[in-house]
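Colleague: Supplied in structure tokens, the structure appears directly below.
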Amino acid sequence: MFAEESVGLTVCIVIAEFQYKVCQKLGKQVARDRGARIRTSNIELIPTDELASEAWLTKCRYGNLLSIVDCFVYALGKKEDALILTTDSAFKELDVKVEWFEVL
């Protein structure tokens, strides 16, 4: 995402969670618009079925530290050996590459 050779990846349920958070703060229409912009961007959307086994195992391992959506993000990061960009500080404690951003 930051260089030509970089690729953005995410899982569809992450977009749903993002839209929910936007809806809480800015309303349904803004959430629809922002979700549509992500879906039509060059970010590759990975199907959840490819990651489900690792996600539920991660949820068993970490319990309440991670939501099930975060477990899918973790699974994708592990599978692709990818840098996870997140605002969730729980990822700092995990065995994945993380770039954490503070929410202002």
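Colleague: Each residue of segment 71-83 in order: what ³J(HN,Hα) in whole Hz does its phi give by Karplus 6.51 cos²θ - 1.76 cosθ + 1.60, θ = phi - 60°, with x for Gly and Pro?
Modeller: Going residue by residue, I get 5, 5, 4, 4, 4, 5, x, 5, 4, 9, 6, 9, 7 Hz, with x marking Gly and Pro.
Colleague: Okay, next question. Could you give log10 I(q)/I(0) at q = 0.19, 0.25 Å⁻¹ for the chain, computed by the Debye formula over C-alpha point scatterers of equal weight, without solvent?
Modeller: Debye curve over Cα of the chain, log10 I(q)/I(0) at q = 0.19, 0.25 Å⁻¹: -1.05, -1.48.
Colleague: Moving to a separate point now. Go through segment 26-37 residue by residue and turn each phi into a ³J(HN,Hα) via Karplus (6.51, -1.76, 1.60, θ = phi - 60°); whole Hz please, and just put x for glycine and proline.
Modeller: So the Karplus estimates, Gly and Pro as x, are 10, x, 5, 5, 5, 4, 4, 4, 5, x, 5, 5 Hz.
Colleague: Using amide H atoms built 1.01 Å from N in the peptide plane, name the residues 5+ places from Leu9, or on other chains, whose amide H lies under 5 Å from its own.
Modeller: Here Glu44 satisfy the definition.
Colleague: In addition: Taking a spot 7 Å from the Cα of Ser6 along the direction of its beta carbon, which residues of segment 14-40 have an amide N less than 15 Å from it?
Modeller: none
Colleague: Quick one: grab the alpha carbon gyration tensor of segment 44-104, order the square roots of its eigenvalues as a ≥ b ≥ c, and give me rounded if a/c is under 1.5, else prolate or oblate depending on whether a/b is larger than b/c.
Modeller: On the way: a/c = 1.77, a/b = 1.27, b/c = 1.40.
Oblate shape, in that a/c is at least 1.5 and b/c is the bigger or equal ratio.
Colleague: Here's something else I'd like to know. Could you grab the relative contact order for segment 9-100? Cα pairs under 8 Å, six or more apart, rounded to a whole percent. Walk me through the numbers on the way to the answer.
Modeller: Working: 99 pairs, mean separation 21.9, N = 92.
Contact order relative to length: 24 percent.
Colleague: Give me, ordered by chain and number, the residues 5 or more places off Ile84 or on other chains with an amide H under 5 Å from its own placed amide H.
Modeller: It is Lys97, Val98, Glu99, by chain and number.
Colleague: Using only helices, what value at 222 nm comes out for the chain when you add -39,500 (n - 2.57) per DSSP H run of length 4 or more and divide by the total residues, to the nearest 500 deg cm²/dmol? Numbers along the way, then the final one.
Modeller: Numbers: 4 runs with 51 residues, N = 104.
Rounded to the nearest 500, it is -15500 deg cm²/dmol.
Coordinate-derived values only; no laboratory data. Remember, predicted model here, so these are calculated numbers, not experimental data. We place every Cβ from the backbone using ideal geometry, glycine too, and count neighbours over all the protein chains shown.
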